[in-house]
1. Considering each residue of segment 118-153, count those that are acidic (Asp, Glu) and either under 12 Å from the mean Cα position of the chain (by Cα) or assigned to a helix (DSSP H, G or I) (or both), and give that number.
2. With modelled with pLDDT of 95 or more and loosely packed, with under 13 Cβ neighbours inside 10 Å as the only criterion, which of ASP25, ASP76, ASP20, ASP86 stands out?
3. Check GLY11, GLY68, GLY105 and return the single one that is modelled with pLDDT under 95 and in a helix (DSSP H, G or I).
4. In segment 44-54, is there at least one residue being closer than 18 Å to SER163 by Cβ and out of contact with any strand residue (DSSP E or B) (no Cβ under 6 Å at 6 or more places or on another chain)?
5. Quick check on this structure: which one of ASN113, ASN150, ASN135 is within 28 Å of GLY88 (Cα to Cα) and modelled with pLDDT under 95?
6. State whether one or more residues within segment 210-218 are modelled with pLDDT under 95, crowded, with 18+ Cβ neighbours inside 10 Å, under 15 Å from the mean Cα position of the chain (by Cα) and assigned to a loop (DSSP other than H, G, I, E, B).
7. Please state which one of VAL137, VAL107 is over 15 Å from GLU60 (Cβ atoms) and aliphatic (A, V, I, L, M).
Amino acid sequence: MTNYDIEVSAGSPPVGTGVDSETEDFAQQIADAVESFLVAVQAISREAEGGRAISLLLLETSQILLAGARLAAQQDFTPEQEYQPDVGPDPDLDEMRLRLARILGPVDEYAFNFDPYDPELVTSVLSDDLTSIANQVALGLRHHRNGNINEALWWWQFSYVSSWGNEASAVLRALQSVVTHDRLDAEFTGEDEELAAADALLRTGDPASGEMDAALSQPAQ
């Protein structure tokens, strides 16, 4: 895989966290997975080849979902404070979202069942969902870098269960569908023109443009 040279500000290592070493190690593993996802999605948004971008997004979404599943398997984490500490403004990922939309083109919009136990078909947009996931996990990373281990774990776990876990699962299924149809040359059930465009995207790619975004994490004010 390409060694992407995109900087995410390192922040300060957590000190005096008040958690046991096992929990601290677990939090560090999740933080590493989150940082890897954030750096990779930023870099993938600059890929010149659409087909390669889709395959890489499939890989990175699978990895962040693994981190989420590990969080869900733990007992409930509890924040130390009633209200979240201020970690500064949210990162500006709008340029990344626009680049992803350009790369994904005709396959950006997709449909999925929001709840398999109460099936209702809804439509969404891959570039929007990926950006939403990035924003949510980045908040936990900023808590972690400020030394708020319990807050970071609580937020990652809560937001996975309540929001980005569902988003990432839907994104993964959509990306997998594009790759599957391309590899197996299976019959699609959608509109012929849209499917032909998706096939062309995977085979020829679509160049992306734009300057590098600001660092994904911001220090507390």
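The values are calculated or read from the model by the stated rules, or taken from the named source; none is laboratory data. Keep in mind the model is a prediction, meaning the values are calculated, not measured. As a convention, Cβ positions derive from the backbone with ideal geometry for all residues, glycine included, and neighbour counts pool all protein chains shown.
1. So the count comes out to 3.
2. When all the criteria are applied, what remains is ASP25.
3. GLY105
4. The first filter runs over segment 44-54 and keeps only residues closer than 18 Å to SER163 by Cβ, leaving none.
No, segment 44-54 contains no residue that is closer than 18 Å to SER163 by Cβ and out of contact with any strand residue (DSSP E or B) (no Cβ under 6 Å at 6 or more places or on another chain).
5. Numbers: ASN113 fails: within 28 Å of GLY88 (Cα to Cα); ASN135 fails: modelled with pLDDT under 95.
Answer to the selection: ASN150.
6. yes
7. Sole residue among the options that is over 15 Å from GLU60 (Cβ atoms) and aliphatic (A, V, I, L, M): VAL107.
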